[in-house]
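**Student:** There's a structure below that I have some questions on.
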Amino acid sequence: MEIFGTILIVYGLLCILIGVLKLPVIWKMKKFQIMAKMFKGDRNLQIFVIVWGLIATVVGIIIR
């Protein structure tokens, strides 16, 4: 479980980084454009990605 926890921590931190910085290489991917329409705007998608990253990081810390 320690490896899974570490993977979740890295994934969560990556999600937080993407959400905060809105890296253009990733943010302009078709997947994110569709998700932005689903969440009715970039701001809501940004909040979702940051919260998702926080949850993944916390779960990874708990598991580890």
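The values are calculated or read from the model by the stated rules, or taken from the named source; none is laboratory data. Just so it is clear, the model here is predicted, and its values are computed rather than measured. With ideal geometry, Cβ positions are generated from the backbone for all residues, glycine too; neighbour counts draw on all protein chains shown. With ligands, DNA and RNA removed, areas are computed over all heavy atoms of the protein, side chains included. Shrake-Rupley method; radii C 1.70, N 1.55, O 1.52, S 1.80 Å.
**Student:** Put +1 on the Cβ of each Lys and Arg and -1 on the Cβ of each Asp and Glu in the chain; which of Val20, Met1, Met38 then has its Cα farthest toward the positive end of the dipole?
**Tutor:** Of the options given, the answer is Met38.
**Student:** Okay, next question. Please give the FRET efficiency for Ile61 paired with Lys30, using the beta carbon to beta carbon distance and R0 = 35 Å, rounded to the nearest 0.05.
**Tutor:** Calculated transfer efficiency: 0.60.
**Student:** Using only the Cα atoms, what convex hull volume per residue in Å³ does the chain have?
**Tutor:** Output value, Cα hull per residue: 74 Å³.
**Student:** Here is a follow-up. Per residue, how much accessible surface does the chain expose to a 1.4 Å probe? Answer in Å², no decimals.
**Tutor:** Here the residues of the chain average 74 Å² of exposed surface.
**Student:** Once both axes come from the Cα atoms, what is the angle between helix 42-63 and the longest principal axis of the chain, in degrees from 0 to 90, rounded to 10?
**Tutor:** 10 degrees
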